[in-house]
Amino acid sequence: MWPMGWEALEQWGDDVARTQPLAGGVANQVLRVRVNGQLAVGRLGARSDADLAWETDLLRHLDREGLTVPVPISTTDGRLFADGLVVMTYVEGGRPETEADWRRVADTLRQLHRLTQGWPQRPGWRSSTDLLHAETGTKIDLGAMPPEGVARCRAAWARLTGRQTCVVHGDTNPGNIRLTADRVAMIDWDESHVDVPDLDLVLPHNAAGLDDGAHDIAAQASAAWEAAVCWDDEYAVGRLAEVRAV
């Protein structure tokens, strides 16, 4: 028997087997599965069809352009998702550890940013600079935050105004990066959306080589974003504390 909601896996054919749960985000259940003998990852959540279409189109585009990403596997009738479930190729590799590793990550992120200039916004999402005027966007509800905190976040995001935008991965923690000797892969695109690229480039060792001013702007905007997205757990409160008073 499949767990509740996972019956949709039957739409990937008869040769589908569940192996083990994987650590997923708060919003999704993630399982390691086998589809026609191929190791894969299934992710089940409450995203809309429009949201999943945006993400699966993005991943296919990046794969065609040579980035290593989880590639959506089609159902037997050719759909890239079904009933909130996406099945993707499993990506092997280790986490970045050294400064040199993180410089490789920065190079891959910049490639992502180049390949997605002009990309449409993820349905229902807002960029950081959109939130200078909007109150809500997907997981963000500024009305739930203390007004003084909102003012600090908006002051940080205002420093990004006028920048060119592209797709940002949105969650470049070590657990979402898979390194091998010859490539850098990024997994878990659940937070990806269109925004200012520097938000992705606040990396350990300042591996993206941002100058002091650019790094300060990006670090403040990134802390504000994570505070707003996660509000009001302990992590979010800590991130908000890093955003300077206006």
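The values are calculated or read from the model by the stated rules, or taken from the named source; none is laboratory data. No experiment lies behind these values; they were computed from the predicted model shown. Glycine gets a Cβ as well: all are built from the backbone with ideal geometry, and neighbour counts include every protein chain shown.
Please state which one of D83, D51 is touching a Pro at 6+ places or on another chain (Cβ under 9 Å), within 27 Å of P120 (Cα to Cα) and of a type outside the set (S, T, N, Q). So that I can check it myself, show each step before the final result.
Numbers: D83 fails: touching a Pro at 6+ places or on another chain (Cβ under 9 Å).
Every option except D51 fails the conditions.
Quickly run through the stretch 126-177 and pick out the residues that are surrounded by 14 or more Cβ atoms within 10 Å (Cβ to Cβ) and of a type in the set (D, E).
D130, D171
If you go through the stretch 101-138 one residue at a time, how many are more than 28 Å from N206 (Cα to Cα) and polar (S, T, N, Q)?
2
Restrict the check to the stretch 38-54 and report whether at least one residue is part of a helix (DSSP H, G or I) and among the acidic types (D, E). Show your work before the answer.
Residues of the stretch 38-54 part of a helix (DSSP H, G or I): 49-54.
From what is left, the residues that are among the acidic types (D, E) are 49, 51.
Yes, there is a match, as at least one residue in the stretch 38-54 is part of a helix (DSSP H, G or I) and among the acidic types (D, E).
What residue, of W12, W102, is in contact with a His (Cβ under 6 Å, 6 or more places away or on another chain), surrounded by 18 or more Cβ atoms within 10 Å (Cβ to Cβ) and aromatic (F, W, Y)?
Just a single option satisfies the conditions, and that option is W102.
Within the stretch 56-71, does at least one residue satisfy the condition of being of a type in the set (S, T, Y) and part of a strand (DSSP E or B)?
yes
Of the residues that make up the stretch 148-163, is at least one at pLDDT 95 or above, touching a Ser or Thr at 6+ places or on another chain (Cβ under 7 Å) and not hydroxyl-bearing (S, T, Y)?
The answer is yes; a qualifying residue exists.
Do we have any residue at all in the stretch 111-118 that's over 21 Å from T172 (Cβ atoms) and touching a helix residue (DSSP H, G or I) at 6+ places or on another chain (Cβ under 7 Å)?
For the stretch 111-118, residues over 21 Å from T172 (Cβ atoms) and touching a helix residue (DSSP H, G or I) at 6+ places or on another chain (Cβ under 7 Å): absent.
Being assigned to a loop (DSSP other than H, G, I, E, B) and either assigned by TED's automatic domain parsing to the domain that holds D171 or within 18 Å of V229 (Cβ to Cβ) (or both) is true for just one of Q121, Q111. Which residue is that?
Of the residues listed, the single one that is assigned to a loop (DSSP other than H, G, I, E, B) and either assigned by TED's automatic domain parsing to the domain that holds D171 or within 18 Å of V229 (Cβ to Cβ) (or both) is Q121.
Name the residue, out of A17, A50, A40, that is touching a strand residue (DSSP E or B) at 6+ places or on another chain (Cβ under 9 Å), farther than 24 Å from N173 by Cα and of a type outside the set (S, T, Y).
Working: A50 fails: touching a strand residue (DSSP E or B) at 6+ places or on another chain (Cβ under 9 Å); A40 fails: farther than 24 Å from N173 by Cα.
Step by step, each of A17, A50, A40 is checked, and only A17 is touching a strand residue (DSSP E or B) at 6+ places or on another chain (Cβ under 9 Å), farther than 24 Å from N173 by Cα and of a type outside the set (S, T, Y).
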